[in-house]
């Protein structure tokens with residue numbers, strides 16, 4: 001049940017990000033749409049790894065070693081999400097750097113001004 | 001009109017695909033065999049209480065190494081794209097902010113109070129990665145948030161790029177050397193059992209995982225700080 005709610009939230013975020021990327025003409029807004037899509041993907045990844053009534057796979061006084069295998073959620077999607085967050089941040093940094101250069105070239109952030117590579 | 005229509009068609013199509021995913025989704029009732037063996041093996045073999053850190057820094061540490069390489073490439077790539085003598089960036093640092101409104105009292109005082117706390121929090125997150133939620137990447141990002149606060153408050157603040165570069169390179173080299181030491185003294189590349197595992201749940205435990213975590217935190221913090229510094233006008 002919980003994972004379905006989280007999964008829906010993540011997929012909706014992906015849709016919102018896609019919609020933002022397709023409708024907006026400002027490069028910064030496109031970057032924001034891309035980041036929203038990325039965040040939605042992370043949420044979907046984590047939602048897929050949820051196990052019914054599971055808790056974080058960290059062994060401490062709340063989760064003993066013996067019951068860990070039956071009560072913890074899948075740790076692999078969480079590890080993947082950490083990787084994905086870092087790479088998403090890196091991609092965003094590169095996109096913003098290009099946005100700065102594009103602005104310097106045409107003094108505008110509207111994607112309609114960049115027609116050279118359009119066919 | 002056609003553009004708007006095609007956007008709507010694309011969104012609706014994606015929405016239908018996603019809806020079928022949600023409808024077909026059933027919550028897992030038990031762990032998959034791979035996840036179960038990870039949860040069993042990380043505390044047993046590696047002595048790390050946080051299973052995710054154990055996966056990230058030992059079983060899949062090669063991935064982490066590649067990820068750090070991606071971050072390094074991004075730092076270099078952002079430097080390449082934003083480097084050179086661009087109009088606002090040329091000239092001495094003091095002249096670039098002439099006429100700019102100075103940061104308000106609240107921002108200045110907040111920075112003075114928060115930056116030390118952020119640094120301590122980052123160190124805590126990095127060093128407890130094998131015990132609780134946290135680790136090198138997260139702590140490194142927290143360090144970078146402190147640097148960002150400094151850059152916002154003191155526009156003239158210049159993190160020493162050579163220091164950052166050297167620290168980052170040394171941390172990266174030590175990371176790889178620790179990995180090679182695992183190849184020689186233990187089971188394989190980046191194996192954490194070259195140091196004694198210690199008592200489960202203690203601060204000094206889990207072999208080389210705390211060391212790798214610290215190196216990763218330093219490296220990520222330096223790299224993100226370099227990237228942030230590049231974005232300055």
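The values are calculated or read from the model by the stated rules, or taken from the named source; none is laboratory data. Values in this document were obtained by computation on a predicted structure and should not be read as measured data. Reconstructed Cβ throughout: ideal geometry from the backbone, glycine too, with neighbour counts over all protein chains shown.
Looking for whichever is in contact (Cβ under 8 Å) with a residue 12 or more places away in the chain and either surrounded by 18 or more Cβ atoms within 10 Å (Cβ to Cβ) or over 25 Å from residue B:121 (Cβ atoms) (or both) here; the options are B:190, B:152, B:183, B:174. Which one fits?
On the way: B:152 fails: either surrounded by 18 or more Cβ atoms within 10 Å (Cβ to Cβ) or over 25 Å from residue B:121 (Cβ atoms) (or both); B:183 fails: in contact (Cβ under 8 Å) with a residue 12 or more places away in the chain; B:174 fails: either surrounded by 18 or more Cβ atoms within 10 Å (Cβ to Cβ) or over 25 Å from residue B:121 (Cβ atoms) (or both).
That would be B:190, the only listed residue that is in contact (Cβ under 8 Å) with a residue 12 or more places away in the chain and either surrounded by 18 or more Cβ atoms within 10 Å (Cβ to Cβ) or over 25 Å from residue B:121 (Cβ atoms) (or both).
Being touching a helix residue (DSSP H, G or I) at 6+ places or on another chain (Cβ under 9 Å), over 30 Å from residue B:203 (Cα atoms) and surrounded by fewer than 19 Cβ atoms within 10 Å (Cβ to Cβ) is the requirement here; does residue B:40 meet it? Judged against the criteria, residue B:40 is not a match.
Restricting attention to region B:22-41 and to residues that are more than 8 Å from chain A (Cβ to nearest Cβ) and assigned to a helix (DSSP H, G or I), the residue that is nearest to residue A:49 (Cα to Cα) turns out to be B:33.
Please determine whether any residue of region A:14-30 is farther than 21 Å from residue B:131 by Cβ and within 11 Å of the chain's Cα centre (by Cα). Give the steps one after another, and end with the answer.
If we filter region A:14-30 for residues that are farther than 21 Å from residue B:131 by Cβ, which is where we start, we get A:14-30.
After this cut, where a residue has to be within 11 Å of the chain's Cα centre (by Cα) as well, the list is A:14, A:17.
Yes, some residue in region A:14-30 is farther than 21 Å from residue B:131 by Cβ and within 11 Å of the chain's Cα centre (by Cα).
Among the residues making up region B:9-27, those that are within 13 Å of residue A:19 (Cβ to Cβ) and touching a helix residue (DSSP H, G or I) at 6+ places or on another chain (Cβ under 9 Å) are B:10, B:11, B:14, B:15, B:18. Right, residue B:198: modelled with pLDDT under 85, more than 14 Å from every other protein chain (Cβ to nearest Cβ), assigned to a helix (DSSP H, G or I) and surrounded by 14 or more Cβ atoms within 10 Å (Cβ to Cβ) or not? Against the criterion (modelled with pLDDT under 85, more than 14 Å from every other protein chain (Cβ to nearest Cβ), assigned to a helix (DSSP H, G or I) and surrounded by 14 or more Cβ atoms within 10 Å (Cβ to Cβ)), residue B:198 does not qualify.
With respect to residue B:141, is the statement that it is part of a helix (DSSP H, G or I), farther than 21 Å from residue B:233 by Cα, at pLDDT 80 or above and within 14 Å of chain A (Cβ to nearest Cβ) true?
On the way: part of a helix (DSSP H, G or I): yes; farther than 21 Å from residue B:233 by Cα: yes; at pLDDT 80 or above: yes; within 14 Å of chain A (Cβ to nearest Cβ): yes.
Yes.
Could you pull out the residue among B:203, B:231, B:163 that is within 14 Å of chain A (Cβ to nearest Cβ) and within 24 Å of residue B:150 (Cβ to Cβ)? Testing whether each residue is within 14 Å of chain A (Cβ to nearest Cβ) and within 24 Å of residue B:150 (Cβ to Cβ) leaves just B:231.
If the condition is being modelled with pLDDT of 85 or more, out of contact with any helix residue (DSSP H, G or I) (no Cβ under 6 Å at 6 or more places or on another chain) and within 14 Å of chain A (Cβ to nearest Cβ), then region B:103-138 contributes only B:128.
Residues that are more than 7 Å from chain B (Cβ to nearest Cβ) and outside any helix (DSSP H, G or I) were ranked within region A:66-103; the one that is modelled with the highest pLDDT is A:73.
Condition test on residue A:1, is it within 11 Å of chain B (Cβ to nearest Cβ) and without any contact (Cβ under 8 Å) to a residue 12 or more places away in the chain?
Values: within 11 Å of chain B (Cβ to nearest Cβ): yes; without any contact (Cβ under 8 Å) to a residue 12 or more places away in the chain: yes.
Spelling it out, residue A:1 is indeed within 11 Å of chain B (Cβ to nearest Cβ) and without any contact (Cβ under 8 Å) to a residue 12 or more places away in the chain.
Among residues of region B:42-63 being over 17 Å from the mean Cα position of the chain (by Cα) and assigned to a loop (DSSP other than H, G, I, E, B), the one that is farthest from the other protein chains (Cβ to nearest Cβ) is B:47.
Scanning region B:110-138 for residues that are within 30 Å of residue A:59 (Cβ to Cβ) and part of a helix (DSSP H, G or I) yields a count of 14.
Report yes if residue B:5 is surrounded by 15 or more Cβ atoms within 10 Å (Cβ to Cβ), more than 9 Å from chain A (Cβ to nearest Cβ) and either over 18 Å from residue A:44 (Cα atoms) or at pLDDT below 85 (or both), otherwise no. Here the answer is no, as residue B:5 does not meet what is asked. Within region A:45-53, is even one residue touching a strand residue (DSSP E or B) at 6+ places or on another chain (Cβ under 9 Å), part of a helix (DSSP H, G or I) and at pLDDT 85 or above? Checked against the condition, which is being touching a strand residue (DSSP E or B) at 6+ places or on another chain (Cβ under 9 Å), part of a helix (DSSP H, G or I) and at pLDDT 85 or above, region A:45-53 yields at least one hit.
Restrict the check to region A:83-90 and report whether at least one residue is over 21 Å from the mean Cα position of the chain (by Cα) and closer than 30 Å to residue B:224 by Cβ. First the steps, then the outcome.
First pass over region A:83-90, keeping only residues over 21 Å from the mean Cα position of the chain (by Cα): none.
No, that holds for no residue.
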